[in-house]
Amino acid sequence: MVQPVSTPIPAAPRADGRLPNQLRTVRFQNNVAPYATGSTLIEWGNTRVICGVTLEETVPRWMKDQNVTGGWITAEYSMLPYSTLQRKQRDISKGKIDGRSQEIQRLIGRAMRAAIDLEKLGTRTVWVDCDVLQADGGTRTAAITGSYVALALAMRKLIAEGKLTQSPMRHAVAAVSVGMVEKQALLDLCYTEDAAAQVDMNLVMNAAGEFIELQGTGEEATFSQEQLSEMLALGKAGVGELLAAQQAALAG
């Protein structure tokens, strides 16, 4: 499992009282969607996302056409109209999914495919649906972290029903944001911090300490190797805490 990394802590707390290396409170409420194969509501500070997993006993046509064996995992992500202070228009009313949502759901899909052995999954498709109830920064990292819990619950159900003889789960997967705000590296940015950040980064990692994806951007700014190292250290420590929270949520 990823081990927390000690980082120097300045005395000044953040606007919400947290220290620079402190996550917002993370809670999981499992099985909130009775018709889903696995589901959880992840509450991460004031960000809340429902993650649900459903299955189809078939695979996409491209897999059949290319003789690709095993199963597949795909994801959909949306922000509900009332998830933000001002109503967010539904994608269906615009006739197409917006670019941000498309980027995030592809990221969720990649992260979940890294968490599972697709050969052991068998000839079936796993759909991971993430719906944001309330957004206060970090919706994509909450969606990934919650999706892993929902996926693990779904695989347990398949084993209990005799549809799988062994678990296809690999290493647990979690994600967290980090950033530079007023030259200070901060873990787990809330919305106001994200909006003010000169550098914004998302880390997706597994319990073996391996990176699945890094998304880092300077917002009209640049960042140094030293700042990058500081953000990575904060992110790795945060992922370690999230993996422990996932494990606790799945232990019950």
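Please state the relative contact order of the chain as a whole percent: Cα pairs under 8 Å, 6+ residues apart?
Computed value for the chain: 24 percent relative contact order.
Given the whole protein assembly as supplied and a 1.4 Å probe, what does the accessible area of I92 come to in Å², nearest 10?
Per-residue accessible area (I92): approximately 150 Å².
Assuming R0 = 22 Å, what is the FRET efficiency of Q102 and T217, from their Cβ-Cβ distance, to the nearest 0.05?
For R0 = 22 Å, the calculated efficiency reads 0.80.
Please arrange Y35, Y77, Y82 by accessible surface area, largest first, computed with a 1.4 Å probe and ligands excluded.
Y35, Y82, Y77
Using a Gaussian network model on the chain with a 10 Å cutoff between Cα atoms, which of A15, A175, A150 fluctuates the most?
Highest fluctuation of the listed residues: A15.
Considering only DSSP beta bridges whose two residues both sit in the chain, what percent are antiparallel, to the nearest 5?
Percent antiparallel among DSSP bridges in the chain is about 85.
Using θ = phi - 60° and the Karplus form 6.51 cos²θ - 1.76 cosθ + 1.60, what ³J(HN,Hα) does each residue of segment 121-132 get, whole Hz, x for Gly and Pro?
For segment 121-132, the Karplus curve yields 5, x, 7, 8, 10, 9, 9, 10, 10, 10, 10, 7 Hz.
Return the long-range amide H neighbours of M169 (sequence gap of 5 or more, or a different chain), with a cut-off of under 5 Å between placed amide H atoms.
Correct list: D117.
For a quick protection proxy, order the peptides 20-28, 124-132 by their average other-Cβ count within 10 Å, most packed first.
Descending mean neighbour count gives 124-132, 20-28.
Report, in deg cm²/dmol and to the nearest 500, the calculated mean residue ellipticity at 222 nm for the chain, where each DSSP H run with n ≥ 4 adds -39500 (n - 2.57) and the sum is divided by the residue count.
That calculation yields -10500 deg cm²/dmol at 222 nm.
For Y35 and Q184, FRET efficiency with R0 = 35 Å and r from the beta-carbon atoms, rounded to 0.05?
For R0 = 35 Å, the calculated efficiency reads 0.20.
To the nearest 10 degrees, how steeply does helix 139-160 sit against the main Cα axis of the chain, on a 0 to 90 scale?
Roughly 30 degrees, rounded to the nearest 10.
Using +1 at the Cβ of each Lys and Arg and -1 at the Cβ of each Asp and Glu in the chain, identify which of F28, S229, G52 lies farthest towards the dipole's positive end.
Positive-most Cα among the choices belongs to G52.
The values are calculated or read from the model by the stated rules, or taken from the named source; none is laboratory data. Quick caveat, the model's predicted, so the values are computed rather than measured. Neighbour counts run over all protein chains shown; Cβ positions are idealised from the backbone, glycine included. All accessible areas refer to the heavy atoms of the entire protein, side chains included, with ligands and DNA or RNA removed. Shrake-Rupley method; radii C 1.70, N 1.55, O 1.52, S 1.80 Å.
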